[in-house]
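Here's the structure we're looking at; comments come further down.
The values are calculated or read from the model by the stated rules, or taken from the named source; none is laboratory data. What you see is a predicted model, and the numbers here were worked out from it, not measured in a lab. Cβ: placed from backbone, ideal geometry, glycine included. Neighbour counts: every protein chain shown. Just the protein is used for accessible areas: all its heavy atoms, side chains included, with ligands, DNA and RNA removed. Shrake-Rupley method; radii C 1.70, N 1.55, O 1.52, S 1.80 Å.
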Number of protein chains: 2
Amino acid sequence: MKELITALPKGRLLEPVIGVMREAGMIEGDLNIETISRKLVFTDDVTGNSFLLAKPKDVPAYIEHGAADIGITGKDVIMEHGKKLYELFDLGAGYCKMVVAVPESSGIKGLDTIPEHSRVATSYPNITQQFFARKGIQVEVIYLNGSVELAPLVGLADLIVDITSTGRTLKKNNLIPVAEIMNSSARLVVNNVSYKTKYKEIVGLLRKFEEMGGESRDGKNILSGR
Amino acid sequence: MKELITALPKGRLLEPVIGVMREAGMIEGDLNIETISRKLVFTDDVTGNSFLLAKPKDVPAYIEHGAADIGITGKDVIMEHGKKLYELFDLGAGYCKMVVAVPESSGIKGLDTIPEHSRVATSYPNITQQFFARKGIQVEVIYLNGSVELAPLVGLADLIVDITSTGRTLKKNNLIPVAEIMNSSARLVVNNVSYKTKYKEIVGLLRKFEEMGGESRDGKNILSGR
């Protein structure tokens, strides 16, 4: 068996993802989460598989350039990245929705009442631009790295596009969702060269993921087409 | 006196910057750092001045669009943002250098030994692109949101452009600086409309900063030119 290099997402998904990797046999040594999260790269002594820890938003770069064979990150991040990445599996974790949200006081009830040339703050400029273009609504997109929900409060933007899971942050800032753009969850992505050169290993992992439950979604075509 | 809205940088600079704001008389109420850092926006009851907390990288957006009158962020962030922002004062804090760094094992000793078409990982794609273009070296820039020092370790990039203050992170990852791109420190930036409509308040603050020490740099021309 060839060793695989996996890009793992730092943050709240790291611990559950490590659990899944262990259950799938990718990690067999006694690495614990504390040891792991202090490092940027680590190798499992038993299986020889290596792992690198990256910001979820950076996982696509590692996959695209082949620094990792496979990786796990959110569908939202994959879509925003834009470039074609093979997406093999929906891990059924880290569920969230990307929504258009407006201040309660704005009186906006849906997309059809968004004034033209509204300013939209978001950390997902590509998805946002494409979404409003498709809907035929002209908006000005303002890119923010974080605290997007602050933008309408201080008059930086009229509305926002952001991800939400419980809806608590929106509510706390008197924002209400008026449209859904997409659903997101953690996905297994693969480098297209690795998918050929390490096909057996990657498909083996995929089979284990399937046995463990969850659903193989967009990737189904890629697999059945071979 | 008109009230000012100030964009403050979250993170390690927040506490010293709050101290400076208090010393300059911008905050007179008994707000403490714990209360402040849990909020995104707060108003000082005594002076009526408001403050918003943003990622350092987002401060230019708040200033550019006039959601804040003034803001404090790093020179590195201002340069990367690229658009013209009035920069009034060097707070003489948060000093760091932006450098080109290479793996010790690469044998690269300076810019003249960087191979053409090298891949450069960085969180500062604009500055990086411009720097290498000016030097006449063709490189491929790979944008990363974080952990840039990981890129050469895993073969994602041949070198990096990143900020460093103590040099510890570089050393830990066997990276050595081979060129300096710029020095950075915390700067006071101002919205160009606010600079006219709240001129007295902003210049008053600037005078206090000057009395407190530090140096008025790029802003000197703006001030003496009026």
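A loss of 10 Å² or more of accessible area (1.4 Å probe, protein heavy atoms, ligands and nucleic acids excluded) relative to the isolated chain is seen in these residues of the stretch B:22-41: B:LEU40, B:VAL41.
The long axis of helix B:125-135 is offset from the longest Cα principal axis of chain B by roughly 60 degrees. For chain A, the carbon plus sulfur part of the accessible surface works out to 48%, probe radius 1.4 Å.
Here the Karplus curve 6.51 cos²θ - 1.76 cosθ + 1.60, taken at θ = phi - 60°, turns the phi angles of the stretch A:116-123 into couplings of 4, 6, 5, 9, 10, 8, 6, 9 Hz, with x standing for Gly and Pro. Sequentially through the stretch B:91-99, phi angles give Karplus couplings (6.51, -1.76, 1.60; θ = phi - 60°) of 6, x, 8, x, 4, 7, 10, 9, 10 Hz, Gly and Pro residues having no value and appearing as x. On the basis of the beta-carbon distance and an R0 of 60 Å, B:ILE36 and A:VAL193 show a calculated FRET efficiency of 0.75. Cross-link partners of B:LYS2 among aspartates and glutamates, defined as those whose alpha carbon lies under 13 angstrom from its own and excluding same-chain residues fewer than eight positions apart: B:ASP69, B:GLU201.
When the Cα positions of A:ILE27, A:VAL120, A:LEU85 are compared along the charge dipole of chain A, A:LEU85 comes out farthest toward the positive end, with charges on each C-beta of Lys, Arg, Asp and Glu. Principal-axis analysis of the Cα atoms of chain B puts helix B:14-23 at an angle of about 30° to the longest axis. Between the alpha-carbon centers of the stretch B:18-52 and the stretch A:6-33, tell me the distance in whole angstrom. Comparing the Cα centres of the stretch B:18-52 and the stretch A:6-33, I get a distance of 42 Å. Both chains summed, the buried accessible area for B and A stands near 2300 Å², from protein heavy atoms and a 1.4 Å probe.
Our note on the geometry: Cα centres of the stretch B:94-165 and the stretch A:137-183, 34 Å apart. Note that the protein assembly as shown presents 47 Å² accessible area per residue, ligands and nucleic acids not counted, probe 1.4 Å. Based on C-alpha pairs under 8 angstrom that are at least 6 apart in sequence, chain B has a relative contact order of 27 percent. Taking each label point as 7 Å beyond Cα in the direction of the beta carbon, state the distances from A:ARG22 to the same residue in the other copies, shortest first, in nm. Result for A:ARG22, in nm, nearest copy first: 4.4.
Trypsin sites (Lys or Arg not before Pro) within the stretch A:49-149: which are DSSP loop residues with at most 10 other Cβ atoms inside 10 Å?
Details: sites: A:LYS57, A:LYS75, A:LYS83, A:LYS84, A:LYS97, A:LYS109, A:ARG119, A:ARG134, A:LYS135; in loops: A:LYS83, A:LYS84, A:LYS109.
Filter output for the stretch A:49-149: A:LYS83, A:LYS84.
Evaluating 6.51 cos²θ - 1.76 cosθ + 1.60 at θ = phi - 60° for every residue in the stretch A:153-166, the Karplus couplings come out as 4, 10, x, 6, 8, 8, 8, 9, 10, 8, 8, 8, 10, 8 Hz, glycine and proline recorded as x.
Sort the stretch A:96-182 into rounded, prolate or oblate with this rule: let a ≥ b ≥ c be the square roots of the eigenvalues of the Cα gyration tensor; rounded if a/c is under 1.5, and if a/c is not under 1.5, prolate when a/b is larger than b/c, oblate otherwise. Taking the square roots of the gyration eigenvalues as a ≥ b ≥ c, the stretch A:96-182 is rounded. Here's the picture: a label point sits 7 Å out from the Cα of B:SER105 along the beta-carbon direction, and within the stretch B:142-165 the residues with their amide nitrogen under 13 Å of it are B:152-156. Straight-distance candidates among the aspartates and glutamates for linking to B:LYS10, with alpha-carbon spacing under 17 Å and chain neighbours fewer than 8 residues away dropped: A:GLU149, B:GLU34, B:ASP58, B:ASP76. In this rough spin-label picture, where each label sits 7 Å from Cα along the Cβ direction, the A:ASN126-A:ASN183 distance is 2.3 nm. Taking amide H positions as modeled 1.01 Å from N, with prolines and chain starts lacking one, the residues under 5 Å from B:SER123 and 5 or more places away or on another chain are B:LEU144.
Remark: chain B carries a charge dipole of roughly 280 debye about the Cα centre, counting +1 on each Lys and Arg Cβ and -1 on each Asp and Glu Cβ.
Going down the list A:LYS55/A:LYS171; A:LYS135/B:LYS39; B:LYS39/B:LYS208; B:LYS39/B:LYS83; B:LYS83/B:LYS196; A:LYS39/A:LYS208, which pairs span over 23 Å between their C-alpha atoms? Numbers along the way, then the final one.
Values: A:LYS55/A:LYS171 27 Å; A:LYS135/B:LYS39 35 Å; B:LYS39/B:LYS208 27 Å; B:LYS39/B:LYS83 28 Å; B:LYS83/B:LYS196 19 Å; A:LYS39/A:LYS208 27 Å.
The pairs that break the limit, which is 23 Å between Cα atoms, are A:LYS55/A:LYS171; A:LYS135/B:LYS39; B:LYS39/B:LYS208; B:LYS39/B:LYS83; A:LYS39/A:LYS208.
Helical content of chain B, expressed as a calculated mean residue ellipticity at 222 nm, amounts to -8500 deg cm²/dmol (DSSP H runs of 4 or more residues, -39,500 (n - 2.57) each, divided by residue number, nearest 500).
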